[in-house]
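Comments concern the structure below.
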Amino acid sequence: MPESTIADFVARFLPDSNRQVDPTKGRVVLSQKRLVLVSGDGRTTIPLADVFDVVVGHVPVGLSKFFDDTVAIAYARRDDRMTAIVEADGETITRFRTVLFKALLQGCSVSVRHPAQIGGRRTGAAAQTGELRLREGAVRLVGLEEPLTIELSAVTHFSRVDRTMDGETRPTLEVQFTDAGRTITSEIVLSTPRRMNLLGRYLRLEYSNLAAEIRDIELPDSEVQLLTAIYSGADLGDLSGVLGMESSSVMMLVNSIEEKGLLVTSEEGTTLTSLGRLAVSDRVEDING
């Protein structure tokens, strides 16, 4: 099957920040198998199988004066570890890091134990094998008895632990999230430590971006109370009684929250968006903290 180009743009870059100080301008070309940096100085080809880390928005000490919006790609070449740095405008970098992570992780084999825990209770669920899919704001695991979608806005904690899966103890990504008011924990193992590291990096990046977006939204206490009530299962018709407000005041709050992208009203009812769910978790953490 021939390779197809999934990103092709002009940027400034360093093919190897260990050996070059001044960035150069050229083309950045990404396919499903390799990243190619082309300039007047030559061509650098980085097989995606050699990439073991991707960092967005951070460059090595001493190079920050040269770069603004960046993606740093750490890769192995023979016995050396190198870092390529790509800089472009913020919108281009956002698109590039999204397609880069998809090229690195999409479709890779995973072992999943779900639900591993409900609340604090282990379920004894058996491990299943499936495939990883990255979706905007979510991780989807397919090929299981039932497909599993983990919305990043519902995640409350994730960490790397050692778990026995498929008969051996392996580094495992433990993801805790809320679903229908319950705290669920899933355990995910990717086929290689390299991919485990990349998935952890992707989750931290996406989650921090969502959290930063939420922090920029101004939410009065009354709007937080309304969001929390809906998150807890209250219907639109119940909100006046729950909040102790007139219906007209409730509708003003609903309209305000909808304009902020935290709430959607449809024929099925009023539901929180992914940002709305994260806003509730974020504010509850602040209160409990």
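The values are calculated or read from the model by the stated rules, or taken from the named source; none is laboratory data. All figures in this text were calculated on a predicted structure; none of them were measured in a lab. Note that we place each Cβ from the backbone using ideal geometry, even for glycine, and neighbour counts take in every protein chain shown. Surface accessibility is based on the protein's heavy atoms, side chains included, excluding ligands, DNA and RNA. Shrake-Rupley method; radii C 1.70, N 1.55, O 1.52, S 1.80 Å.
Key figures
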item: The chain: relative contact order in percent, alpha carbon pairs under 8 Å with at least 6 residues between; result: 12 percent
item: The stretch 173-289, relative contact order [Cα under 8 Å, separation at least 6], %; result: 20 percent
item: Accessible area expressed per residue, the stretch 191-289, with surrounding protein chains retained (probe 1.4 Å, Å²); result: 55 Å²
item: Surrounding net charge for residue 132, when Lys and Arg each add one and Asp and Glu each subtract one, Cβ distance under 9 Å; result: +2
item: Cα-based equivalent ellipsoid, the stretch 73-217: semi-axes from gyration tensor eigenvalues, Å; result: 27, 21, 13
item: Cα point-scatterer Debye curve for the stretch 98-140, base-10 log of I(q)/I(0) at q = 0.18, 0.20 Å⁻¹; result: -0.63, -0.71
item: Spin-label pair residue 9/residue 149, simplified geometry with 7 Å Cα→Cβ offset, distance in nm; result: 2.7 nm
item: All Cα pairs of the stretch 184-289, percent lying beyond 17 Å; result: 59 percent
item: Square roots of five times the Cα gyration tensor eigenvalues for the stretch 222-274, Å; result: 15, 12, 11
item: Förster radius 51 Å - calculated FRET efficiency between residue 43 and residue 140 (Cβ-Cβ, nearest 0.05); result: 0.90
item: 0 to 90° range, to nearest 10: angle between helix 221-231 axis and the chain longest Cα axis; result: 90 degrees
item: Added length on full extension, which subtracts the Cα-Cα distance from 0.36 nm per residue, residue 80 to residue 33; result: 14.9 nm
item: Per residue, in Å², the accessible surface of the stretch 66-115 once ligands and nucleic acids are set aside, probe 1.4 Å; result: 42 Å²
item: Accessible area of the chain belonging to carbon and sulfur atoms, whole % at 1.4 Å probe; result: 47 percent
item: Degrees separating the helix 193-215 axis from the principal Cα axis of the chain, which is the longest one; result: 50 degrees
item: Most to least packed among 140-146, 7-13, 275-281 [average Cβ atoms within 10 Å]; result: 275-281, 7-13, 140-146
item: Separation of the residue 218 and residue 109 label points, Cα + 7 Å toward Cβ, nm; result: 5.4 nm
item: With eigenvalues of the C-alpha gyration tensor scaled by 5 and rooted, the stretch 17-57, Å; result: 18, 14, 10
